[in-house]
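Structure first, commentary second.
The values are calculated or read from the model by the stated rules, or taken from the named source; none is laboratory data. As the structure is a computational prediction, the values presented were derived from the model and not from experiment. Note that we place each Cβ from the backbone using ideal geometry, even for glycine, and neighbour counts take in every protein chain shown. To get the accessible areas, we keep the full protein, side chains included, count just its heavy atoms, and leave off ligands, DNA and RNA. Shrake-Rupley method; radii C 1.70, N 1.55, O 1.52, S 1.80 Å.
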Amino acid sequence: MNYSPTQHPLSLAVSCALLLGAVAGPALAQIKPADAGYLTDQRGVVARSGYNLCWRAGSDPTPEQIQQCDPKPAPIPMAAVVEPARPAPMLIAQAAPPPAPIPTRVTRRVTFDADALFDFDKATLRPAGRTALDGFVASIKTFTPEMITATGHADRFGSDAYNQRLSERRVQTVKSYLVSQNIDANRIRAEGKGESQPVTKPGDCLGAKSAKVIACLQPDRRVEVEVVGTLTTP
């Protein structure tokens, strides 16, 4: 047989190809279709290239093959998130409200000198009389009045009928003034007693009508005011 130097490289390549086919043929024959994700050898070990890379066979690899060829890095454990402790809510002590005042039912009586309220034998309030009644109104600001009774009195000079009318006119004047100071008219009762309830005794102030006797009988000329109500302010 003649040997040609020009045919040697081609014959060598063909021989290598046949040899590789003869070796690879039995190896690939061992691959199961379900396990053909990567090329494996007769031992079932995944074949690798010179760069240590796996050869894909064109189908989905098995989990075992994926673990061999493309292992996933172990997950990095995340540090547990610890929420800062919340401070306990601060309880603010609240002072107890002061107890409500207990209403006290009281009675107050005031006697006004009629001569201080009116001119002699008159029923019109004098300026000094208004001042006296203003003081009375201020003194009952702490009251819730239930009833105010105003009673007018006269001395013994004059007839009984005259003194009765005079005492009634004077006490009505007092009532009207109290109403003008924002006191409910329905809570005020006004009545005249004339000369029927004197303060002086029968033996006092004897004699005919004179300046001295008139001055002596002054206590009989009066207006008495009584307030019955509830004391709301101590």
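Some notes on this structure:
- Test: residue in segment 174-187 that is open to solvent by 30 Å² or more (accessible area, probe 1.4 Å), assigned to a loop (DSSP other than H, G, I, E, B), under 30 Å from D204 (Cα atoms) and out of contact with any Pro (no Cβ under 6 Å at 6 or more places or on another chain): no
- Any hit, segment 204-216, residues being under 59 Å from the mean Cα position of the chain (by Cα), without any contact (Cβ under 8 Å) to a residue 60 or more places away in the chain, open to solvent by 50 Å² or more (accessible area, probe 1.4 Å) and under 23 Å from G129 (Cβ atoms): no
- A search for C-beta distances below 6 Å between a residue of segment 134-149 that is touching a residue at least 60 places away in the same chain (Cβ under 8 Å) and open to solvent by 50 Å² or more (accessible area, probe 1.4 Å) and any residue that is among the small types (G, A, S) and part of a strand (DSSP E or B), counting only pairs 6+ apart in sequence or on different chains, returns T144/G229; E146/G229.
- Verdict on V225 being hydrophobic (A, V, I, L, M, F, W, C), touching a residue at least 24 places away in the same chain (Cβ under 8 Å), more than 23 Å from D160 (Cβ to Cβ) and in contact with a helix residue (DSSP H, G or I) (Cβ under 9 Å, 6 or more places away or on another chain): yes
- Yes/no for T131 being in contact (Cβ under 8 Å) with a residue 24 or more places away in the chain and either closer than 17 Å to R109 by Cα or part of a helix (DSSP H, G or I) (or both): no
- Test for E191: is it touching a residue at least 60 places away in the same chain (Cβ under 8 Å) and either open to solvent by 60 Å² or more (accessible area, probe 1.4 Å) or not in a helix (DSSP H, G or I) (or both): no
- Looking across segment 194-222 at every residue that is touching a helix residue (DSSP H, G or I) at 6+ places or on another chain (Cβ under 8 Å) and outside any loop (DSSP other than H, G, I, E, B), the one that is farthest from R109 (Cα to Cα) is identified as Q218.
- Evaluating T107 against the criteria (1) loosely packed, with under 12 Cβ neighbours inside 10 Å; (2) at pLDDT below 90; (3) farther than 26 Å from T200 by Cα leaves one unmet condition, (3).
- Candidates R222, R165, filtered to the one that is under 26 Å from F136 (Cβ atoms) and either surrounded by fewer than 13 Cβ atoms within 10 Å (Cβ to Cβ) or at pLDDT 95 or above (or both): R165
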